[in-house]
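In what follows, a structure is listed as structure tokens, so that the remarks can point back to it.
The values are calculated or read from the model by the stated rules, or taken from the named source; none is laboratory data. Keep in mind the model is a prediction, meaning the values are calculated, not measured. FYI the Cβ positions are ideal-geometry reconstructions off the backbone, even for glycines, and counts take in every protein chain you see. For the accessible areas, the whole protein counts, side chains as well, though only heavy atoms, and no ligand, DNA or RNA atoms are used. Shrake-Rupley method; radii C 1.70, N 1.55, O 1.52, S 1.80 Å.
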Amino acid sequence: IRAGTVNCTWYTGKKCEANGFNLNYFHPGNGKDWYNGIQSTESYTATKYSGANCLNDLINSEGQPVTNIVISFPYSYQGGPYGHVLYIDQIVDGKVYYSDNGSPGVRKVKTIDSFLAGFKSAGNGSPIGCVHLEANE
């Protein structure tokens, strides 16, 4: 998968690969459950940060730039019950680089605050949490 091309529906399978990570998790197909379902494996470490401030907590803990982040929201577009999950390529200098269902294959750049506000105003709510994926050596 090329950076900037991943969207929510891609994560609804039981196994997938993202930028070299073979992700294994228990997932019923709902984006809201992704955060709780992902587990570290022998090949990668999944470090979790929970709640509405998860991206800032990640940056405060690990610094910038930070890459390979997955974030989960409790609702899908316009408040649907299935939640939403998306891949963030990187956060650099307080800017989030990501792609999403609305513009698949288009890499967007927003500040952390405008990124979170945009998803909240679209009915997704505040994040459940984010997961930073790091390859194990």
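Just the residues that are closer than 16 Å to Gly123 by Cβ, open to solvent by less than 20 Å² (accessible area, probe 1.4 Å) and either within 13 Å of the chain's Cα centre (by Cα) or among the aromatic types (Phe, Trp, Tyr) (or both), please, taken from segment 44-89. If the condition is that a residue be closer than 16 Å to Gly123 by Cβ, open to solvent by less than 20 Å² (accessible area, probe 1.4 Å) and either within 13 Å of the chain's Cα centre (by Cα) or among the aromatic types (Phe, Trp, Tyr) (or both), then Ile71, Ser72, Phe73, Gly83, His84, Val85, Leu86 are the ones that fit. Being part of a strand (DSSP E or B), under 18 Å from Ala52 (Cα atoms), open to solvent by 50 Å² or more (accessible area, probe 1.4 Å) and not hydroxyl-bearing (Ser, Thr, Tyr) is a condition met by at least one residue of segment 104-127. When we screen Tyr97, Tyr82 for residues that are more than 22 Å from Ser40 (Cα to Cα) and in a strand (DSSP E or B), the only hit is Tyr97. Filtered by the rule that a residue be closer than 15 Å to Thr47 by Cβ and modelled with pLDDT of 90 or more, segment 85-94 gives a lone residue, Ile91. Give segment 109-137 a look and list any residue that's among the basic types (Lys, Arg) and free of Cβ contacts under 8 Å to residues at least 12 places away in the same chain, or say none. If the condition is that a residue be among the basic types (Lys, Arg) and free of Cβ contacts under 8 Å to residues at least 12 places away in the same chain, then Lys120 is the only one that fits.
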